[in-house]
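Everything on this sheet refers to the single structure shown next.
Just so you know, all these numbers are worked out from the coordinates, no wet-lab data involved. These figures come from a predicted structure and were not determined experimentally. Neighbour counts are summed over all protein chains in view; Cβ atoms, including those assigned to glycine, are modelled from backbone coordinates with ideal geometry.
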Amino acid sequence: MSLLSYFFGSKPKTASVAKERLSLIIAHERTTNRAPDFLPALQRELIEVISKYVNVGVDDIKVQLEKQDNCEILEVNITLPEQPTR
Amino acid sequence: MARVIVVTSGKGGVGKTTTSASISSGLALRGFKTAVIDFDVGLRNLDLIMGCERRVVYDLINVVNGEANLNQALIKDKHCENLFILPASQTRDKDALSEEGVEKVLKELEHMGFDYVICDSPAGIEKGAVMALTFADEAIVVTNPEVSSVRDSDRILGILQSKSRRAIEGRDPVKEHLMVTRYSPKRVEEGEMLSYKDVQELLRVPLIGVIPESDDVLQASNQGTPAIHLKDSDVATAYQDVVARFLDEDRPLRFVAYEKPGILKRLFGGK
């Protein structure tokens, strides 16, 4: 392939590289920059409440807000510790 | 109701002022009473692009502070009957702009019977840029097919969706339009430049037009004539199409396909 492109002079397409890089960074920045201010507080309080009943740590709860077209989805992901068998 | 349109981009040098000048002129040519406001306090430029720099007496901050009334500060455009320019102040800093002050000016323009108010935003995401978009009903986001411009446009879209009055008050959101400028169909064809479809796919905003890269833009700014007035220019035609689409007229996209120069053109040159 590289030998062929060497002879026929086709260059790598930088536009597609740009598009790929942008789609990654924009997706990332949308979730971080556009998150409303209450998310960290919500996450903290959720941990407080849930840890009353189940033994969970800070990293076990993930709160994310996603936007799809006109509707926003609040995703709360709680990883419960494995139940000790009684 | 006066419709407030912000022309914004995040990144500098992508064509905000050129676009503000041409769109406001285009709307005025269609018979709408239009005002165009330069929000770049400290670095005014719109007056030069509109060719009225020698007629500036009072500016936006003078009106906000009550040192002049709106009628004294508005400059009548030399090309269009219905167009008025409100220049930015050069001497004061951006803190001179207050939300209440801007709101007062916009309300007064509405009382004066203006149909459209175009707000030419400064670059960046600081106070001046936020102030320009605060009262917007519609936004034209100017983007170059280039990585930093696309990323900055996405940032400014986020700010539109969180800091505009419409967003804060939970009203219908600001109507967003994507405008791709400095477009080179040849470079897109060769895979060297993001296509307008790529940019639209990344930003997810409806496209209102594509302005081709052209030497004419410099020629227009040299003379202080908005690019839309140029004769036999692709840029002027593209801006006229944008104004038509803004007014809900159907116009197919032009100047986005690359045509290989024919043998005659290659032999004898030409533009």
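Numbers at a glance
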item: Under 13 Å from B:Lys76, Cα to Cα: aspartates and glutamates that are on another chain or at least 8 residues apart; result: B:Asp47, B:Glu53
item: Neighbour-count order for B:Met131, B:Met112, B:Met1, fewest beta carbons within 10 angstrom listed first; result: B:Met1, B:Met112, B:Met131
item: FRET efficiency for B:Glu126 and B:Lys231, using Cβ-Cβ distance with R0 set to 41 Å, rounded to 0.05; result: 0.60
item: In Å, descending, principal axis extents of the Cα set of segment B:177-271; result: 42, 34, 24
item: Model label zone, B:Asp215; criterion: amide N under 17 Å from point 7 Å along Cα-to-beta-carbon; scope segment B:227-249; result: B:230-236
item: Kyte-Doolittle at least 0.5, axis length at least 27 Å by Cα - qualifying DSSP helices, chain B; result: none
item: Selection from A:Gln43, A:Ser23, A:Asn77, by position along the positive dipole direction of segment A:19-79 (Cβ); result: A:Ser23
item: Cα-based Rg / Dmax (Å) for the protein assembly as shown; result: 24.2, 91
item: Within 10 Å of each Cβ in B:190-196, the average number of Cβ atoms from other chains; result: 4
item: When each of B:Lys127/B:Lys175; B:Lys11/B:Lys163; B:Lys78/B:Lys127; B:Lys197/B:Lys231 is checked by Cα-Cα distance, pairs over 24 Å; result: B:Lys78/B:Lys127; B:Lys197/B:Lys231
item: Calculated over segment B:115-201: convex hull of Cα atoms, volume per residue (Å³); result: 104 Å³
item: Charge dipole of chain B about the Cα centre (unit charges at C-beta), most positive-ward option of B:Leu86, B:Gln219, B:Thr8; result: B:Gln219
item: 5 angstrom amide H check on B:Val117, placed H, neighbours 5+ away; result: B:Arg3, B:Val4, B:Ile5, B:Ala35
item: Separation between Cα centres of segment B:85-146 and segment B:12-59, rounded to whole Å; result: 11 Å
item: Order of B:Asp154, B:Asp198, B:Asp215, B:Asp38 - criterion: other Cβ atoms within 10 Å of each residue's Cβ, fewest first; result: B:Asp215, B:Asp198, B:Asp154, B:Asp38
item: Convex hull of segment B:51-167 built on C-alpha atoms - directionally averaged projected area, nm²; result: 8.3 nm²
item: 5 Å-binned pair-distance histogram of segment A:19-79 (Cα, whole percent); result: 4, 15, 23, 20, 16, 12, 7, 3, 1, 0
item: Shape box of chain B [Cα atoms, principal axes, largest first, Å]; result: 64, 39, 34
item: Taking segment A:19-79 and dividing mean pair separation by its residue count, relative contact order in percent (alpha carbons under 8 Å, at least six apart); result: 25 percent
item: Mean separation of Cα contacts under 8 Å (6+ apart) over length of segment B:181-239, as relative contact order %; result: 32 percent
item: Helical mean residue ellipticity (222 nm; -39500 (n - 2.57) per DSSP H run of 4+; nearest 500) of the protein assembly as shown; result: -12500 deg cm²/dmol
